[in-house]
Every structure is written in structure tokens, then in C-alpha cells.
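Presented below is the structure to which this report refers.
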Amino acid sequence: MKRGGSEEAKRRAGERAAAAVEDGMVVGLGTGSTAAHAVRALGREVDAGLDIEGIPTSFQSRELAREEGIPLTTLDEATPDLAIDGADQVAGGDLIKGGGAAHTREKIVDSAADRLLVVADPTKEAEVLDAPVPLEVVPDARQTVSGAVREHGGEATLRAAECKDGPVVTDNGNLVLDCEFGTIDSPDERAATLSAIPGVVEHGLFVGIADEIYVGTDEGVRVREL
Ligand code: 5RP
């Protein structure tokens, strides 16, 4: 899915973050159009002799990595030295992810990595997180989770597929509820509340996981270390 700012800004962010990857590293490969630029850049480096292994965060990033000839491994075999991933919203160092419905595997891989480099464009930056928070939910729990979200002051909407009748089904066979809470003043408290709802597999709040933010613009890249 194509979201956010200009392709040029995304490309700059992705390629700059890919330049942080060194020989011998295991790299978490993020999902989405911005992270895809990093994966393509790594593919070119692998062609030129860079020796790395990738751990994909989704079906999409696995397919792209295979097309690009990046050798793959799994979390059973290796721990990522670094992960490069996109975001739907960035405020300070906290993120909302899951626009591609991949946030469960993204969070597993990104959290396992020694360093998470987030790649974004200026349309993703905010003072305070206020975008809808995606929840991956077990299909049977759709109504009960929606009710719990309502009790916590939110409004849950089942994510509809674009090229299929019915809902989006994640790589793990679950559904996605996009939950509108308005301004999220305490992301860690909101994250704890969402994690505690039975049937929620994972939520899209990434609190305290990112280490560096790369924001591509049409002129260059702003790098922020956290
Ligand atoms: C997928 C994600 C993506 O990283 C996020 O949606 C950003 O995507 P893009 O770079 O295409 O805007 O969280 O679940």
C-alpha cells in the first residue's frame, strides 16, 4: 500500500538508514513503502558483496527480500543487530505502526533488534500521537475487543480489504481494528491498557523501542538519535 509523503523523501530516508548496515549483520527488514527503499538498497549492496542476513517482518518484506537476493534467516537462528522499519506516525520517539497490518511481526523483530532505525517522511511527524491505533485481534474476539475499546473511550472500526470483499486478514490469519482515541497523551499507559484486552494479539503503539529516526525530505535526511 502507498501512503504518506513523496517517494523521493521515502527513498532518501530508506537509503540513508540502509547505509548504517555493516558486513556480517543480521538485519530486521521492515514493512511498507519507505522500508522497501531500504530493502532495495540492501539488495544492491548484497549484489556488490555485502554479507548480511535479513529477518523479514511480513509476507511483503520476505517477498521483496527474496526478489532482491538478500539471504534470509529467522529469529530461531539469529538475533537482529539492527532493524529498519517505517511508521504511520512518529511523536518524540514513540510510534504508531500497523498501516500495513504487519505490526505484530514488526514489533517482535524490531524489539528483538539491538537498534531500531525508523524511516519516515515529514507527513508522519506529529507533536503528540493522535492517529488511529491498529489492533490485530483474533477473529472470534472482534466484538468483545470493540466493546472493551469503547469502554476505554475509543471507537474501533474493522479494517476493510481493498481488493477483496470483507475484512483485511493479517499474515497471521487475524483481523485488524483501527481504534480512534483522539490525542494519546500517555502512550505507555494506553499501550498497557490495550495489551490487557483478551483477544488482542498486538497493538500498533511502539513505545520506547525506536533508537534513531530518519526523516527523508525532498532536500535531504534529518537524523534524530533517541
Ligand atoms: C506496516 C507498517 C508500515 O511500516 C507503516 O504503515 C508505514 O508504511 P509506509 O512507509 O508505506 O508509509 O507499520 O504495518
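The values are calculated or read from the model by the stated rules, or taken from the named source; none is laboratory data. Just so it is clear, the structure is predicted and the values come from calculations on it, not from any experiment. Here Cβ is always computed from backbone atoms with ideal geometry, including for glycine, and neighbour counts include all displayed protein chains. Quick note on the areas: whole protein, heavy atoms, side chains included, nothing else; ligands and nucleic acids left out. Shrake-Rupley method; radii C 1.70, N 1.55, O 1.52, S 1.80 Å.
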Per-residue ellipticity at 222 nm for the chain, helices alone: DSSP H runs ≥ 4 residues times -39500 (n - 2.57), over residue total, nearest 500 deg cm²/dmol? -8500 deg cm²/dmol
Nearest 0.05, what FRET efficiency do residue 185 and residue 138 give at R0 = 35 Å with Cβ-Cβ as r? 0.75
I want to verify a result. In a Gaussian network model of the chain, Cα cutoff 10 Å, which of these has the top mean-square fluctuation: 32, 98, 199? 199
Global geometry of the chain, whether rounded, prolate or oblate, following the gyration tensor of its Cα atoms and the 1.5 cut on a/c: prolate
Before I look further, what does segment 1-41 give for accessible area per residue, probe 1.4 Å, in whole square angstrom? 39
In 5 Å bins starting at zero, report the fraction of Cα pairs in segment 133-203 per bin as a rounded %. 3, 18, 30, 25, 14, 7, 2, 0
Given R₀ = 35 Å, what would the calculated FRET efficiency be for residue 19 paired with residue 151, taking r from the Cβ atoms and rounding to 0.05? 0.15
How much of the DSSP beta bridge set in the chain is antiparallel, as a percent to the nearest 5? 60
A correct Karplus calculation of ³J(HN,Hα) over segment 68-77, with 6.51 cos²θ - 1.76 cosθ + 1.60, θ = phi - 60°, whole Hz and x for Gly and Pro, returns 7, x, 8, x, 10, 9, 10, 5, 6, 9
For residue 164, the accessible surface traced by a 1.4 Å probe with all protein chains present amounts, in square angstrom to the nearest 10, to 100
Considering only 216, 100, 49, give the residue with the highest GNM mean-square fluctuation for the chain, with springs between Cα atoms whenever their separation is below 10 Å. 49
Could you tell me which of 184, 18, 83 has its Cα farthest along the dipole of the chain towards the positive end, charges placed at Cβ (Lys, Arg +1; Asp, Glu -1), taken about the Cα centre? 184
Accessible surface, per residue, of segment 138-203 when the full set of protein chains is kept, probe 1.4 Å, Å²: 56
